[in-house]
Amino acid sequence: MARLTSSPTLDEKSAQALFSADQLAGELNRLGLHFLRSYPSAEQPLIPPAVLLAGLAASSEARLRLALIPLFLWRPDYGHVVRNSATRLLPRDRLTLQCYYTAAVLGQRMYAKRLQTLHIPMVPLHNQYARLLGVPVDGTPAQQLSALARRQAQLTNEPLNWLGTYHHAIQTFLRQLDNEQAWTS
């Protein structure tokens with residue numbers, strides 16, 4: 001089984017050495033989150049929540065990093081280990097984890113009724129990074145999400161459509177849940 005080294009940070013190379021992209025995606029599927037198509041192998045070790053979050057945030061693959069948003073929506077109980085995961089990461093990866101966690105916090109508020117309809121646990125995610133990231137804590141969740149997108153563009157110096165990225169992750173997750181429920185009904 002892969003183990004964390006004694007080093008204080010988990011950089012991309014270390015995360016990849018711990019668990020492959022397939023193993024990270026397989027763990028998501030084992031948890032019942034089918035955001036990424038992969039199937040865990042029988043011999044795959046369980047990945048502890050803090051290590052899974054760090055591995056996803058440090059991944060070189062955008063699809064794995066993006067899976068953080070639906071993971072927090074699917075498993076809001078993972079919010080209790082996000083700080084522990086963040087301490088394992090290099091600054092760039094820590095910022096990814098903090099921004100995507102905050103996007104999940106705001107997405108959970110924006111789609112609370114729909115998530116309840118889909119029988120997702122409604123353990124509220126604590127908005128622990130908004131102030132640190134410089135995102136206003138007042139206003140509607142949609143306004144805050146827009147502010148987060150602008151702030152992530154500034155902090156990363158990557159003028160991407162972060163708002164569209166957040167919405168894509170949330171909408172894909174919700175559609176998949178709708179489809180899965182339709183198949184089981």
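Values as computed for the structure displayed
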{"item": "DSSP loop trypsin sites (Lys or Arg not before Pro) with at most 12 other Cβ within 10 Å: longest gap in the chain", "result": "38-185"}
{"item": "Backbone N under 19 Å from the residue 22 label point (7 Å along Cα→Cβ), restricted to region 58-75", "result": "59-65"}
{"item": "Highest-fluctuation residue, 20, 59, 146 considered, GNM on the chain with Cα pairs under 10 Å", "result": "20"}
{"item": "Mean residue ellipticity (222 nm) of the chain, computed from DSSP H runs ≥ 4 via -39,500 (n - 2.57), nearest 500", "result": "-18500 deg cm²/dmol"}
{"item": "Lys, Arg +1 and Asp, Glu -1 on Cβ, resulting dipole of region 12-184 about Cα centre, debye, nearest 20", "result": "400"}
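Rule-based calculations on the coordinates, nothing more; no lab input. None of the values given here were measured: they were computed from a predicted structure. A quick note on method: Cβ atoms are made from the backbone with ideal geometry, for glycine too, and the neighbour counts reach across all protein chains shown.
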